[in-house]
Each structure stands twice: as structure tokens, then as C-alpha cells.
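Colleague: Dumping the structure here so I can ask a few things about it.
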Amino acid sequence: MLNLSRRKFLQYTGAAGAALTTGGISGAARAQDPLKIGVVYVSPVAEIGWTKQHSLGVEAIKQEFGDKAAITVIDNIFMPQDAERVFRELAASGNQLIFGTSFSHGTPMQKVAPRFPKTAFEHCSGIVHLANLGTFEAKYYEGSYVAGASGAHMSKSNKIGFIGGFPIPDIVGPANALLLGAQSVKPDITCNAIFLNSWFDPGKEKEAANTLLSQGCDVICSMTDTATGVQVAGEGGAWSIGYASDMAKFGSGKQLTAFTLDWSADYLRAAKGVAEGNWKPEARWDGLAAGIVKMAPYNEGIPADVVAKLKQLETDVGSGKVHPYAGELKDQDGNVKVAAGSVLEDKDIRSMNWFVKGMIGKLG
């Protein structure tokens with residue numbers, strides 16, 4: 001597997017530009033040739049976090065395909081102009097399957113994919129589909145709902161805190177579900193929310209976590225690409241909830257659980273589809289039932305009867321018996337957004353741009 005940083009890749013493709021084609025793959029690859037796959041990460045691979053979980057999906061392909069796959073990984077590609085060039089060069093280099101791993105990769109992939117109709121593109125967190133561009137996403141809100149319930153069981157202040165990277169639907173929705181899960185246990189509990197406008201800014205995240213502690217939050221959840229929130233919460237004597245990876249080792253024994261992500265099935269499905277010649281662009285959106293979202297082990301400090309309730313809640317949410325966005329739901333201003341007896345439709349979940357009643361903070 002070839003691993004290149006952003007700078008090295010751009011230097012590499014610039015030097016090799018004369019040798020690259022510009023019209024996509026010409027003809028099917030020979031059966032004996034390895035499947036060429038390009039993967040673009042939004043940040044460097046760390047010990048834990050969003051990009052780490054995507055790297056495990058790549059590892060699943062390596063384990064399954066061995067030398068029958070040639071994988072090029074490019075990391076730390078966030079800016080759209082860089083991403084467009086990287087996707088274009090990967091496609092021009094003959095990669096038959098290309099993965100983008102961030103919402104910010106969407107527009108660049110939408111521009112590049114039509115130019116290379118014989119290349120399969122897979123976009124994690126994407127919402128736009130083309131003839132050769134599919135998407136896959138996780139129902140984060142299912143995990144955050146269960147995690148929120150765990151937080152309410154252990155909170156003494158009836159105040160929990162949430163730190164998000166950006167106020168986009170993929171983050172706003174799970175933040176709301178965190179509080180709704182907590183309110184299913186304690187109806188009067190509230191949640192203070194802070195957005196960093198960055199996926200990776202440990203200093204800013206530390207400041208946000210300390211702010212939440214000073215506001216009386218005794219449970220903190222962060223949806224960023226670091227374990228800073230978990231670490232600061234633990235050091236401050238508060239409970240924490242991890243995201244993407246199990247972050248218990250950073251939480252001073254105070255991580256309640258984490259809603260983790262396992263993209264392996266999505267990576268393998270796409271790779272096998274291209275290798276077998278039957279890949280089609282799909283819109284995959286899975287959660288607890290499919291194992292894309294998984295709950296990390298519950299903290300030993302949680303009473304056994306509460307753990308049993310949480311595990312049952314996992315099952316009920318996964319099966320649809322319990323829907324995190326079941327009405328009646330009101331927004332911060334008291335307006336009814338979901339009527340009693342109804343549930344929020346998928347399209348509205350995936351475009352959520354409002355906070356539920358009890359959330360304290362702004363989206364702007």
C-alpha cells in the first residue's frame with residue numbers, strides 16, 4: 001500500500017503528470033492485475049478517531065484481497081481545491097475505485113466523477129449520487145441516543161455538554177439525539193453545545209471542554225477527530241462519551257461508553273463490487289443493526305441493572321422499536337417540529353438544522 005501525505009502526493013502527481021491519462025480507465029483491467037484503489041483521508045491517521053476508523057476499513061480490504069489490491073492512501077486533504085486535484089489525479093492514474101471520507105470531499109468528487117465514468121467513486125458523508133458516485137453514511141444518532149441515556153443515568157447536575165466540529169446535519173442530529181436519549185431517562189436534563197468550526201483543534205477543544213465543566217456539565221461528548229474532550233472531562237472529574245473510536249484509555253476511567261464506527265463492511269462491499277464487475281452507486285445509511293455503529297463497553301461504574309437497560313435500548317433502537325426522533329419534539333423556541341405519534345422522516349434527519357428543546361447554544 002502506498003501512503004502519501006498531501007504535499008508529497010501533489011509533488012508526485014505534478015512530476016508524473018505527463019505519464020497520466022486524462023480520460024479515465026480505457027477498457028477493463030486484466031483479470032490478473034490488482035484492483036487499484038485510491039483513498040483520501042481528511043486528516044492524518046491517528047491512534048483513534050474518524051480517520052483511524054476509515055483506515056480500518058482499508059485494512060479490511062487488504063486482509064481480504066492481499067496482493068490482489070493495490071491501494072494508494074492520501075491523507076490530510078481537507079480544502080476543496082486540493083481535494084479536487086487529488087481525486088482527479090487518482091482517477092487519471094488508473095484507480096478503479098476511489099473513496100472520499102469527508103463531507104468536504106463532496107463537491108470535488110461531484111466535479112471529478114463525471115469526467116471518469118469508468119471509475120467507481122464512494123463518498124462517506126455524501127448526499128449527492130451520480131452514475132458512478134455512491135455514498136455511505138452511519139446513523140450516528142442511534143449511538144448518541146443510547147450514549148445520552150447512559151449519561152443521564154450517571155449525571156448529578158442534570159447538565160450534559162456537547163462539542164461538535166461543525167454545525168452541519170451530521171453533527172446537529174446526533175447532538176439532538178444525545179439530549180433526547182438523556183431526556184428519555186430524565187425529562188428535565190439539558191445540554192450545552194459548543195461548535196469548534198474545526199475537526200481537529202485540540203487547543204480549542206480543550207477550551208470548550210473546560211467551558212462546559214465551568215457551566216456545570218458533568219457528562220461531556222465530543223464529535224471531533226481527537227480524544228481531547230474525553231481527556232479533559234476525565235481530568236476534571238466528569239464523565240465522558242467517546243465518538244468514532246473507543247477512547248476509554250484517555251478518559252481517566254470516566255468514559256461511560258462511545259458510539260464507535262466500523263466502516264469495514266462498506267469498504268469491502270465496494271471493493272468486491274468493483275472487482276466482480278457488479279458495482280452500482282448506492283445510498284447506504286446504516287446504524288446499530290448493521291454493526292456500522294457500535295457501542296463501546298460500558299463503564300464498570302455504571303450499575304449492572306442500568307447496563308442491562310442500556311443494552312436493551314441498543315436492541316430496541318436498532319430494531320426500530322424505539323426511534324430517537326419520535327414525537328412530540330419541539331425546537332428551542334417551543335415550536336412543534338414532530339407531532340406526537342409521528343417520527344422525523346429520514347430526509348429531515350439528514351438535513352437537520354435546528355436544536356431540540358433543552359439544547360443550550362447556537363448553530364450560527
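Colleague: Which one of these is surrounded by fewer than 22 Cβ atoms within 10 Å (Cβ to Cβ), of a type in the set (S, T, N, Q) and under 15 Å from Val356 (Cα atoms): Asn197, Asn192?
Modeller: That would be Asn192, the only listed residue that is surrounded by fewer than 22 Cβ atoms within 10 Å (Cβ to Cβ), of a type in the set (S, T, N, Q) and under 15 Å from Val356 (Cα atoms).
Colleague: While we're on this one: Go through Ser150, Ser144 for me and flag whichever is outside the structural domain of Val73 (by TED's automatic domain parsing), under 22 Å from Leu178 (Cβ atoms), surrounded by 20 or more Cβ atoms within 10 Å (Cβ to Cβ) and under 14 Å from the mean Cα position of the chain (by Cα).
Modeller: The match here is Ser144.
Colleague: State which residue is farthest from the chain's Cα centre (by Cα) when the search covers only the range 158-173 and only residues that are open to solvent by less than 10 Å² (accessible area, probe 1.4 Å) and in contact (Cβ under 8 Å) with a residue 60 or more places away in the chain.
Modeller: Ile160
Colleague: Looking at Pro114 and the list (1) open to solvent by less than 30 Å² (accessible area, probe 1.4 Å); (2) farther than 27 Å from Ala208 by Cβ; (3) without any contact (Cβ under 8 Å) to a residue 40 or more places away in the chain, which single condition is not satisfied?
Modeller: If we test Pro114 against (1) open to solvent by less than 30 Å² (accessible area, probe 1.4 Å); (2) farther than 27 Å from Ala208 by Cβ; (3) without any contact (Cβ under 8 Å) to a residue 40 or more places away in the chain, just (1) comes out false.
Colleague: Is there a residue being surrounded by 20 or more Cβ atoms within 10 Å (Cβ to Cβ), under 21 Å from the mean Cα position of the chain (by Cα) and at pLDDT below 95 anywhere in the range 59-74?
Modeller: No, because not a single residue in the range 59-74 is surrounded by 20 or more Cβ atoms within 10 Å (Cβ to Cβ), under 21 Å from the mean Cα position of the chain (by Cα) and at pLDDT below 95.
Colleague: Now a separate question. Looking at Leu179, Leu261, Leu212, which one is within 22 Å of the chain's Cα centre (by Cα), more than 22 Å from Val42 (Cβ to Cβ) and either open to solvent by less than 50 Å² (accessible area, probe 1.4 Å) or at pLDDT below 95 (or both)?
Modeller: Leu179
The values are calculated or read from the model by the stated rules, or taken from the named source; none is laboratory data. What you see is a predicted model; the values in this text were computed from it and never measured. Every residue, glycine as well, gets a Cβ built from its backbone with ideal geometry; the counts of neighbours run over all protein chains shown. These area figures cover heavy atoms from the full protein model, side chains too; ligands, DNA and RNA do not enter into them. Shrake-Rupley method; radii C 1.70, N 1.55, O 1.52, S 1.80 Å.
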